[in-house]
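S.K.: Following this message is one structure expressed as C-alpha cells.
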Amino acid sequence: MKPSARALERHPVAIAGSRLPPPVVSYLLDRQRWVLEAPYAYTDGSHRITVPQGFEFDLASVPRLFWSVIAPFELSIAAPLLHDFLYRYQGEPPPGAIEPPRRYSRLEADRLFRRVMEEEGVPPWRRLLAYAAVRCLSGFAWADGRPAPGRATG
C-alpha cells in the first residue's frame, strides 16, 4: 500500500457545507487515533474553547456493525473533537482552554456535540441518532475521563 493511502498527515479536514473552520489533523494508523496538528478554537456563546495541538481523539466510536447506517466520518470532525476534549477532562479542561473559564456538565458537552454537528451540516436524523447514542452510552466515559467508546460520535 502506498504511504499516502495509509496516512492522513497535517491535513485540514473540511466538511462540505460546514460553517466552521476545518481542524488540521493527522491519522495515526498504528494507534487508530486522530491527532490535532494545530490548535482548534470554537466559540460557544460567550466562551471560546481551544483544543491544543497534539490532542488525540478517536473521531467517533461507532461499532463497525453499524457503519452502513451511520459511519464515524459522517458525523463531522469538529463535533467529536470538541466532545472528546470536554469528556477527557470531565468538562473542566486545563486553565486557558476555555475563556472565560467555565465548567461544562456532561449534558452541556453532549448538547454542544449536537449543536456543532448541526453547524457542520450533519443531516438531522444522523444528529438525533448520534446524540441519543451519546446520551445513553457515554456516561461511563465521562466518569473516568476517557473518550466515550461505543458512542455514535465524539
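The values are calculated or read from the model by the stated rules, or taken from the named source; none is laboratory data. All values derive from a computational prediction rather than experimental measurement. All Cβ positions, even for glycine, are placed from backbone atoms using ideal geometry, and neighbour counts span all protein chains on display.
S.K.: Give the stretch 110-124 a look and list any residue that's surrounded by fewer than 19 Cβ atoms within 10 Å (Cβ to Cβ) and either at pLDDT below 95 or not in a helix (DSSP H, G or I) (or both), or say none.
M.R.: Passing the criteria: E118, E119, G121, P123, P124.
S.K.: In addition: Which of the residues belonging to the stretch 94-109 are part of a helix (DSSP H, G or I) and small (G, A, S)? Don't jump to the end; show me each part of the working.
M.R.: Here is the first cut: in the stretch 94-109, the residues part of a helix (DSSP H, G or I) are 106-109.
Hit for the stretch 94-109 is A109, nothing else.
S.K.: Okay, next question. Which of the residues belonging to the stretch 34-43 are surrounded by 16 or more Cβ atoms within 10 Å (Cβ to Cβ) and assigned to a strand (DSSP E or B)?
M.R.: Going through the stretch 34-43, the residues surrounded by 16 or more Cβ atoms within 10 Å (Cβ to Cβ) turn out to be 34-37, 40, 42.
Residues satisfying the conditions are W34, V35, L36, Y40, Y42.
S.K.: Quickly run through the stretch 71-88 and pick out the residues that are modelled with pLDDT of 95 or more and either polar (S, T, N, Q) or out of contact with any Pro (no Cβ under 9 Å at 6 or more places or on another chain) (or both).
M.R.: Scanning the stretch 71-88 gives a single hit, L82.
S.K.: Output the residues belonging to the stretch 48-63 that are touching a residue at least 40 places away in the same chain (Cβ under 8 Å) and surrounded by 14 or more Cβ atoms within 10 Å (Cβ to Cβ).
M.R.: Hits for the stretch 48-63 are I49, T50, V51, P52, F57, D58, L59, A60, S61, V62.
S.K.: Among the residues of the stretch 120-127, are any touching a residue at least 60 places away in the same chain (Cβ under 8 Å), farther than 17 Å from T50 by Cβ and acidic (D, E)?
M.R.: Checked the stretch 120-127: at least one residue is touching a residue at least 60 places away in the same chain (Cβ under 8 Å), farther than 17 Å from T50 by Cβ and acidic (D, E).
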